[in-house]
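The values are calculated or read from the model by the stated rules, or taken from the named source; none is laboratory data. From a predicted model like this one, the values you see are computed outputs, not experimental measurements. For neighbour counting, all protein chains shown are included, and Cβ atoms are generated from backbone atoms with ideal geometry for every residue, glycine included. Accessible surface areas use protein heavy atoms only, side chains included; no ligands, DNA or RNA. Shrake-Rupley method; radii C 1.70, N 1.55, O 1.52, S 1.80 Å.
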Amino acid sequence: MTSLQRPSWDDYFMGIAKIVATRGTCNRLQVGAVLVKDRRIVATGYNGAPPGMPHCDGPAGHLMEENHCIRTVHAEENCVLQAAVMGGNGTVGSTLYTTHSPCYHCFKALAGAGVKRIVAGAEYRSPAVVAALPEAGITLDSYQPSREWTERLAHAFTAPLENYVSKA
């Protein structure tokens, strides 16, 4: 049997964040986030309207203020809110994997929740967030997938499930 190379933890959780992003309902930008503590998923979040309220991708459309859609709750904030609603898992000392680096509003929620590391796939940085990260004791790492991991992840979604059954 061929041995498969296991993904790094950053590859693993960022792969999940990318899948979570596909649930986003604001078509201006789909963002996914995964909150992790001790290598265990605490919560996931994507950008979308609060429960029971109309989404941007429906007839209500976007609710714009100062060139920002305010109808949606951002993915990072939804992660923290999900952790609060579900209970049982603290967020202090956790890592957030997000497809896009946080805005200042989300940064404040993450700092307040005790997140200590953010791994972001794409830059949506504001100078204010970058300046505030050290003050809050949060590190921000830019995620760069390897070509091998990207190919393996693509294969995982195109290969028949029979390929994952041991024939030994």
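Filtered by the rule that a residue be in contact with a Lys or Arg (Cβ under 6 Å, 6 or more places away or on another chain), open to solvent by less than 40 Å² (accessible area, probe 1.4 Å) and either of a type in the set (A, V, I, L, M) or in a loop (DSSP other than H, G, I, E, B) (or both), the stretch 51-70 gives a lone residue, Cys56. Determine whether the stretch 130-147 contains at least one residue that is closer than 23 Å to His68 by Cα, open to solvent by 40 Å² or more (accessible area, probe 1.4 Å) and within 17 Å of the chain's Cα centre (by Cα). Looking for residues that are closer than 23 Å to His68 by Cα, open to solvent by 40 Å² or more (accessible area, probe 1.4 Å) and within 17 Å of the chain's Cα centre (by Cα), one finds none in the stretch 130-147, hence no.
Cβ-Cβ distances below 7 Å connect the following pairs, each with a first residue in the stretch 14-25 that is under 17 Å from Arg39 (Cα atoms) and in contact (Cβ under 8 Å) with a residue 40 or more places away in the chain, a second residue that is open to solvent by 20 Å² or more (accessible area, probe 1.4 Å) and among the hydrophobic types (A, V, I, L, M, F, W, C), and a separation of six or more residues or different chains: Gly15/Leu153. One residue alone among Thr139, Thr98, Thr158, Thr150 is within 21 Å of Val20 (Cα to Cα) and touching a strand residue (DSSP E or B) at 6+ places or on another chain (Cβ under 9 Å), and that residue is Thr98. Residues of the stretch 97-110 that are open to solvent by 20 Å² or more (accessible area, probe 1.4 Å), in contact (Cβ under 8 Å) with a residue 12 or more places away in the chain and in a helix (DSSP H, G or I): Tyr104, His105, Ala109. Could you grab me the full set of residues in the stretch 148-158 that are open to solvent by 50 Å² or more (accessible area, probe 1.4 Å) and of a type in the set (Phe, Trp, Tyr)? Listed by number, the list holds a single entry, Phe157. Contact map, the stretch 141-154: first residue farther than 28 Å from Val130 by Cβ, second residue exposed (fewer than 12 other Cβ atoms within 10 Å of the Cβ) and among the polar types (S, T, N, Q), Cβ cut-off under 9 Å, separation 6 or more or different chains; pairs are Glu148/Gln5; Arg152/Gln5. Filtered by the rule that a residue be touching an Asp or Glu at 6+ places or on another chain (Cβ under 9 Å), open to solvent by less than 40 Å² (accessible area, probe 1.4 Å) and assigned to a loop (DSSP other than H, G, I, E, B), the stretch 71-96 gives a lone residue, Ser94. Scanning the stretch 111-129 for residues that are open to solvent by 10 Å² or more (accessible area, probe 1.4 Å), small (Gly, Ala, Ser) and under 13 Å from the mean Cα position of the chain (by Cα) returns Gly121, Ala122. Only a single item in (1) within 12 Å of the chain's Cα centre (by Cα); (2) closer than 21 Å to Ser142 by Cα is not met by Pro7, and it is number (1).
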